[in-house]
Amino acid sequence: MENKNLYSIDLDHSTKERSFVFSSIFCDLETIILDSEEKVIGNIDKIQADDSIIYILDINISKGVFKYSRNGNYIQQIGNIGSGPGEYIKPFDFTLDQKNRIIYILDGPRQRINKYEMTSGKYLGHFEINKNDPIRSYHIQYNDGVIFTDVYTLAPSKRDFLLQKLDTCKGKQQSTFLNATQYNKGWKNPSYIHDHVFYTVNEESSRFMQVFMNTIIYISREKVMPYLSLQSEDIMTAEDIESIEKDAPIHSVFDYIFSKNKIFDINSYFEHDGRIYFVYRNGLTSTFTTYDTETNETKLYDTIADDLLFEKDNMHVWFPKFGCAGNEGVYYYVNTNAIGNFMEGFSLNLFSKNLNKSDKLKKMKDDANPVIFFYKYKTLPDE
């Protein structure tokens, strides 16, 4: 687990700036309007892209994994709700094996991972996980022939780990990693979990982080090791977590967490051109962070200035939710429950005059499917 080349960020002595301008790394914005005629999706809980195909997870409303083309046309649903072969009771997460063209879907209530062919959606089988342990998993990540899952312990145990590695044939546990007390300040309560704990970087490796971790973990088939550590006097501590679990009423745990005004919840993570980008919370405040792996320079930004979506005078107003990053850019999205507020931007003239597909966006109804925005990376000068 040791990494002698661990990146370390001292947040208390980093450069602070007002706004991170999107056009500093992105050159273009593509609008993807998901067809609402054939399939209605209530929410995007996860998005992954493979060439010209977009895979979308809706956990609680449509309860499925859906395929769309890059231009927003509905293609098919992978698996269906049910208890029969190839069906799932509730999909918690999915992950892609792009090399072998397999999609894995985690059926949360049954702690079962179903396997499907990515192109046709054909059911290929399943395997059970966590059968003999008082643990549950909510997220999965494929990396080069193995599957990683997060782990939450449901009963007191000396084996309190946060991550496990499984084989892809029978789901047999190969290894466990990361002591919960050491890395996640002792937090084991699944009532507050990251929307994303895995961030795909390439086919060989990903990054892993849970809500109270201040260390980002590098994971691959061969290695699991600390990758980047955040340091600050304001980092959420084990003592803070203990007081939250002891004193916070069940109905107001979130309020207690935010009232601590401590740093936690690293999210919206991606890497590009030797730099690392992510967001962290400090109480109710979010800070966009960039880290240069060559110079070790860190910059902290109060806001994001999305000058590709908005006009310059309005670019601090609001920005979509982070979806995922790929080799060519980053996907963000606006869920259905935010479409109404999004549409008000047109009457207020907030959006860029160059916004792609603005005429179609103006005609959207409040109950339309979510909208996806793809921000394309700038081409490097020496390419």
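Would you work out which of Ser205, Gly171, Leu154 lies farthest towards the positive end of the dipole of the range 144-278? Charges go on Cβ: Lys and Arg +1, Asp and Glu -1.
About the Cα centre, the residue reaching furthest to the positive side is Gly171.
Which three lengths, in whole Å and largest first, does the range 257-302 cover when its Cα atoms are put on their principal axes?
36, 16, 14
Would you mind calculating the gained length between Glu328 and Tyr192 on full extension (0.36 nm times residue separation, minus the Cα-Cα distance), in nm to one decimal?
My answer for the length gained is 45.8 nm.
In the range 45-83, which residues have a backbone nitrogen under 14 Å from the label point lying 7 Å from Leu124's Cα in the Cα-to-Cβ direction?
Hits in the range 45-83 for Leu124 at 14 Å: 79.
Run lengths n ≥ 4 of DSSP H only: what is the helix-derived mean residue ellipticity at 222 nm for the chain, with -39500 (n - 2.57) per run over all residues, to the nearest 500?
Mean residue ellipticity at 222 nm (helix-derived): -2500 deg cm²/dmol.
At a 1.4 Å probe, what is the % contribution of carbon and sulfur to the accessible area of the range 335-383?
45 percent
What accessible area per residue comes out for the chain, rounded to a whole number of Å², with a 1.4 Å probe?
I get 47 Å² per residue for this part.
How large is log10 I(q)/I(0) at q = 0.11, 0.19, 0.21 Å⁻¹ when the Debye formula is applied to the Cα atoms of the range 46-173, each weighted equally and without solvent?
At q = 0.11, 0.19, 0.21 Å⁻¹ the computed log10 ratios are -0.36, -1.04, -1.24.
Given a cut-off of 39 Å, what percent of all Cα-Cα pairs of the chain lie beyond it?
15 percent
Modelling each spin label as a point 7 Å along the Cα-to-Cβ direction, I'd like the Ile61/Val40 distance in nm, to one decimal.
0.9 nm
Over the alpha-carbon set of the range 136-263, divide Rg by the Kirkwood Rh and report the Rg/Rh ratio to two decimals.
Using only Cα positions, Rg/Rh for the range 136-263 is 0.98.
Once you charge only the Cβ atoms, +1 for Lys and Arg and -1 for Asp and Glu, what is the size of the charge dipole of the range 164-288 about its Cα centre, to the nearest 20 debye?
Values: 13 positive and 16 negative charges, 80 e Å.
So the dipole magnitude of the range 164-288 works out to roughly 380 debye.
If the chain between Asn337 and Glu17 were fully stretched, how many nm would it gain, using 0.36 nm times the residue separation less the Cα-Cα distance?
Working: separation 320, 0.36 × 320 = 115.20 nm, distance 3.17 nm.
Here the answer is 112.0 nm.
So if each residue of separation counts as 0.36 nm, and I subtract the Cα-Cα distance between Asp367 and Asp144, what length gain in nm does that give?
Gain on stretching Asp367 to Asp144: 76.4 nm.
Just to confirm a number: summing +1 for Lys and Arg and -1 for Asp and Glu over residues other than Gly108 whose beta-carbon lies under 10 angstrom from that of Gly108, what do you get?
+2
Calculated FRET efficiency, Asn100 and Lys299, Cβ-Cβ r, R0 41 Å, to nearest 0.05? Please report the intermediate quantities before stating the final value.
Details: r = 39 Å, r/R0 = 0.96.
Plugging the Cβ-Cβ distance into 1/(1 + (r/R0)^6) gives 0.55.
Mind grabbing the accessible area of Val40 for me, 1.4 Å probe, Å², rounded to tens?
Approximately 90 Å² for this residue.
Taking the range 257-374, how much of its Cα-Cα pair set, in percent, is spaced more than 20 angstrom apart?
For the range 257-374, the fraction of Cα-Cα distances above 20 Å is 52 percent.
State the percentage of accessible surface on the range 73-122 attributable to carbon and sulfur atoms; use a 1.4 Å probe and exclude ligands, DNA and RNA.
Details: 940 of 1970 Å².
Reported share for carbon and sulfur atoms: 48 percent.
Once each part is reduced to its C-alpha centroid, what is the distance from the range 98-146 to the range 312-381 in angstrom?
Value for the Cα centre distance between the two parts: 32 Å.
Going Cα to Cα from Lys353, which lysines come in below 23 Å? Please leave out same-chain ones fewer than 8 positions away.
Lys312, Lys321, Lys362, Lys363, Lys365, Lys376, Lys378
The values are calculated or read from the model by the stated rules, or taken from the named source; none is laboratory data. Quick caveat: nothing in here was measured; it's all calculated off a predicted structure. For neighbour counting, all protein chains shown are included, and Cβ atoms are generated from backbone atoms with ideal geometry for every residue, glycine included. When the accessible area is computed, the model is the full protein with side chains, heavy atoms only, and any ligands, DNA or RNA have been set aside. Shrake-Rupley method; radii C 1.70, N 1.55, O 1.52, S 1.80 Å.
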